[in-house]
Amino acid sequence: MISIVAASYVLMTGLLVATWRYRKFLARRVVTDPSYTPKAALFVPVPTLAASEVDRLEALFHQDYPDYEVLFGVLTIRDSAYSRLVALCDRHRGRGRVVLSGPSTKCSDKIRNLLACYEACHQASEVLVLMDADLAPDPMLLRRLVRPLVEPTVGAVTAHRWIACGEWSLAGTLAAMANAAGVVSVWLFSRVCGGVIAIRRDNFEWLDVPSLWSKVASEDITLCSLLAGRGLRIVQAENGLVLSSRTHDWRGYWALIVSQLVMARVYAPTLWGQLLGFYVVTMSATGYGWIRGAEWMSGNEVSVAAKAAMLLPILFMIQGWMLIDGAQRLFARRGERVLLMTPAFMPVYVLAMAIGVAQILVSAISNTIVVEGVRYRIDAPDRTSVERAPLSAI
């Protein structure tokens, strides 16, 4: 156990250093390049969205960017949000369109929406930006996403969603904590986040992304592999956090994390293995510390290794607070309102990491994910089956 505790401290030291660097990245002054503003197409997949949630998408039409169009990908006209989306685009005639994709049978509905938007977008659009419908972008986001693409070696620019807890609940807070825990690794290892991706159209077509996406359930992890295989870099946009307005109950929280882990195991097994190793090592040592701590409180003697293991939750809480406080300071500078978390919330961060052990173990034996009520069975990296209600019911 001494070696596991020692390994945990090595891993946690590296994570603390990476988090500190990321915090400084968030605090960095944004530099925009007004000379590089090619026409952009913003794709917003809307597999499911309540009609009442459509109005907040108005913010997409208020980006500080000279020339762009917004395309909403919808499965069918029976979608509950369809008529409201059409009305929204009518208010911005010439800037917004609703594109019908039809339900997918071999890839995720989200990807089917994105591909339909790509097929329908203006031929003059040089930059394609993919953005989830639950995100609330600040007015400068599009500029920050496009600017790095001026460099030929940059294949994609990404930003990470930040779940901000629309209202307090334990499930929602756990979802926010679990999502936050992945932010540093996305930035450190230069991976794209499916919530927000910007890519030049010529690279999108050169990589033949539509061909790959037509048979997978994950757009971001598979895109990472394509870019890495062609030697193109992935960078995170300056101030690269975007607020998510989505709330999570227990089922949604569990499905969100497990689905991400299952897709990581299938499409990026090395990444999944690294996550598994981190969870197994650090949480094993933490659990050992909790058990031995109870014995110590009962008056029994414990080893130095046990006492060191007892301190691991404190390191997790320090790391979590460094990250969350840095993000909250960023949103405050941008004038965006979030329900503020304090250091008192950090035990929930540790709990989210502990629950993550169960979630990653479930992902090891499952090839099924549930997204927006649709079940996808990933039989192989290039073979996905879709299980949904009869099409007549959609």
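So, in the range 4-36, exactly how many residues are surrounded by fewer than 18 Cβ atoms within 10 Å (Cβ to Cβ) and among the polar types (S, T, N, Q)?
Number of matching residues: 3.
For residues that are over 22 Å from the mean Cα position of the chain (by Cα) and under 14 Å from residue 39 (Cα atoms), tally how many sit in the range 62-77.
Residues in the range 62-77 being over 22 Å from the mean Cα position of the chain (by Cα) and under 14 Å from residue 39 (Cα atoms): 6 in total.
Select, from 361, 351, 339, the only residue that is more than 19 Å from the chain's Cα centre (by Cα), without any contact (Cβ under 8 Å) to a residue 40 or more places away in the chain and not assigned by TED's automatic domain parsing to the domain that holds residue 109.
Answer to the selection: 361.
Which one of the conditions (1) surrounded by 13 or more Cβ atoms within 10 Å (Cβ to Cβ); (2) assigned to a loop (DSSP other than H, G, I, E, B); (3) without any contact (Cβ under 8 Å) to a residue 24 or more places away in the chain does residue 65 fail to meet, given that it meets all the rest?
Here residue 65 meets the rest and fails (3).
Within 26 Å of residue 28 (Cβ to Cβ) and not in a helix (DSSP H, G or I), is that true of residue 216?
No: the conditions fail for residue 216.
Being assigned by TED's automatic domain parsing to the domain that holds residue 41, surrounded by fewer than 20 Cβ atoms within 10 Å (Cβ to Cβ) and not in a loop (DSSP other than H, G, I, E, B) is the requirement here; does residue 149 meet it?
Criteria not met by residue 149.
Tell me the residue from 198, 217 that is more than 11 Å from the chain's Cα centre (by Cα), closer than 20 Å to residue 253 by Cα and not β-branched (Val, Ile, Thr), please.
217
Filter the strands (runs of 3 or more DSSP E) completely within the range 283-394 down to those with at least 2 residues that are among the acidic types (Asp, Glu) and crowded, with 18+ Cβ neighbours inside 10 Å.
Here the list is empty.
Please specify each residue of the range 152-172 satisfying the condition of being surrounded by fewer than 18 Cβ atoms within 10 Å (Cβ to Cβ) and of a type in the set (Gly, Ala, Ser).
Scanning the range 152-172 gives 166, 169, 171.
Does any residue of the range 280-288 turn out to be farther than 15 Å from residue 7 by Cα and modelled with pLDDT under 90?
The answer is no, given that none of the residues of the range 280-288 is farther than 15 Å from residue 7 by Cα and modelled with pLDDT under 90.
Hey, could you check the range 139-194 for residues that are in contact with a strand residue (DSSP E or B) (Cβ under 7 Å, 6 or more places away or on another chain) and at pLDDT below 85 and say which is farthest from residue 230 (Cα to Cα)?
Of everything passing the filter in the range 139-194, 164 is farthest from residue 230 (Cα to Cα).
The values are calculated or read from the model by the stated rules, or taken from the named source; none is laboratory data. Keep in mind it's a predicted model, so treat the numbers as computed, not measured. Reconstructed Cβ throughout: ideal geometry from the backbone, glycine too, with neighbour counts over all protein chains shown.
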